[in-house]
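Every read-out reported here was derived from the displayed coordinates using simple, explicitly stated rules and does not represent laboratory data. None of the values given here were measured: they were computed from a predicted structure. Neighbour counts run over all protein chains shown; Cβ positions are idealised from the backbone, glycine included.
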Amino acid sequence: MRIALLLLGFGHVARRFVRLLDESRDALGALDIDAVVVGIATRRRGARMDVAGLDAVRIALQEAESGAIGPASVPSALEWFSRLRSQEIEARVLVETTPLDVRSGEPAISHVRAGLAGGAHVITANKGPVAFAWHTLAREAQTAGVSFLFEGAVMDGIPIFNLVRETMPAVTIHGFRGVINSTTNFMLDALERGGAFDDALRQMQAAGVAEADPSLDLDGWDAAAKTAALANVLLGAETTPPAIAREGIGRDTAARAVAERAAGRRLKLVASTAGRGRACAAAVRLEALDLSDPLAILDGQANALELDTTPLGRVVITQRDGGLEKTAYALLADLVTVARRVRHGAPPRTAN
């Protein structure tokens, strides 16, 4: 199955994704998936498009050296997908990885809508569209007969949305709690051991894990956006990041982290909810957790989410090792889901 990919955004995650595509050629081939990058478009570094396919790995290397991808003037996503209609392609996929705008979710929401309107499946690692416009975008995807998938938007490669969608039929989720921001968890872990705040932040920036604007992590905005996305999809909420009670970390957090550890507890930035639908209340707060708490064991970049369900009770899924390749893998997994749906003629589902 030949799948054409148009990449909007070409930062750390997208560059790791194209390398993972190359590394996974044999595995994808065994699934009869021939994924071809036909376009790469960025806001500041230009774009390059070719219906015959691009050597995206080579472009990533060149971009790292020169800082440019191609000319600034390129067709819009909608125009480009229209051009692809005449090609020998079984599926067209927009891969959206532009930076998060926590105040509006734009321009990512408009990118997703353009892809759906152009008859393309959309996969994204951007939290904005799901945190601000999940219900609207889900309806538009269903009307267009395409998929809108976003496994990498919340917990790197942990299959949270896929887990619920595919393996929890007839389960009711009442709420969740979790540690869902890798940067702050890494930093709290370092601070409680006497590490320096700025040193820990620099490590996360060097690894490409921290947001381009680190205040999104430090002030709790990234966790709030992820909380909104989870609440909207899993609990039928209609919330947005600004509506979520929010707390972050700062240099003055170090003394508290050290004190809590000395008292036999660990300080964690915890996202939690209570209630469903419009009654859903969500928050991101610093909490001192007993060492017996499954969230207290999380070191470094580890994340975890605990779902409160009926009839399964509390279900905890943990990722002990974070990193760019995990988020890139989530995009790859969504791509495989698209291919399977196209192959079997399965209609898109409103729940992811």
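Remark: the Met168-Asp198 segment gains 6.6 nm on full extension, using 0.36 nm per residue and subtracting the alpha carbon distance.
For the chain, a simple Cβ point-charge model (Lys and Arg +1, Asp and Glu -1, everything else neutral) yields a dipole of about 640 debye relative to the Cα centre.
Multiplying the sequence separation of Ala243 and Ala263 by 0.36 nm and subtracting their Cα-Cα distance, what value in nm do you get? Walk me through the numbers before you get to the answer.
Values: separation 20, 0.36 × 20 = 7.20 nm, distance 3.32 nm.
Value of the extension gain: 3.9 nm.
Across the stretch 204-352, the mean sequence separation of Cα contacts (distance under 8 Å, 6 or more residues apart), normalised by length, yields a relative contact order of 18 percent.
From its DSSP helices (H runs of at least four residues, each -39,500 (n - 2.57)), the chain gives a residue-normalised ellipticity at 222 nm of -12500 deg cm²/dmol. Taking every C-alpha pair closer than 8 Å and separated by at least 6 residues, the mean separation divided by the residue count of the chain gives a relative contact order of 20 percent. In this calculation the C-beta distance from Ser110 to His12 is compared with R0 = 25 Å, giving a FRET efficiency of 0.65.
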